[in-house]
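Student: Below is a structure I'd like to ask you about.
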């Protein structure tokens, strides 16, 4: 979230302004999974897949299980960096998302 001080009379801020929330996400998938997704994607292009949610669960060292829902995900960049001799490779796919929400279990 963008934050900035708001100034009025005097040298010190009189309040704080809160702006837009900017969320980012990416998926790390094995190359075989990416190829399978491409085969099912419209026109074989990942960025043409309709928006989808991603559910992420994790457990901090001290605390209960946390579940988040990443909303309105779409693939943004699909650059593959293959080198000769690569048999299997993990590919990082950048996503464009709208927001992230907590999910109650």
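Each reported figure results from applying straightforward, stated rules to the coordinates on display, with no laboratory input. What you see is a predicted model, and the numbers here were worked out from it, not measured in a lab. Positions of Cβ are backbone-derived with ideal geometry, glycine not excepted, and every protein chain shown enters the neighbour counts.
Student: Could you line up 20, 48 from fewest to most neighbouring Cβ atoms inside 10 Å? Spell out each step's value before the answer.
Tutor: On the way: 20 6, 48 11.
Sorted ascending by nearby Cβ count, the order is 20, 48.
Student: Further question on the same structure: Give, in nm to one decimal, the length gained when the segment between residue 99 and residue 23 is fully stretched (0.36 nm per residue of separation minus the Cα-Cα distance).
Tutor: Values: separation 76, 0.36 × 76 = 27.36 nm, distance 0.60 nm.
Gain on extension, residue 99 to residue 23, equals 26.8 nm.
Student: Sort out for me the Cα centre separation of region 49-70 from region 1-39, rounded to whole Å.
Tutor: 17
Student: Still on this structure, I have one more. Read through the labelled values (1) 19.8, 66; (2) 12.4, 34; (3) 21.1, 73 and report the label of the one computed as Rg and Dmax of the Cα atoms in Å from the structure.
Tutor: (1)
Student: Compute the relative contact order of region 27-102 as a whole-number percentage, counting only Cα pairs closer than 8 Å that sit 6 or more residues apart in sequence.
Tutor: Values: 118 pairs, mean separation 27.6, N = 76.
Reported as a whole number, the value is 36 percent.
Student: Continuing with the same structure: How far is helix 31-40 tilted, in degrees, relative to the longest principal axis of the Cα atoms in the chain, given as a value from 0 to 90 rounded to the nearest 10?
Tutor: Computed tilt is about 90 degrees.
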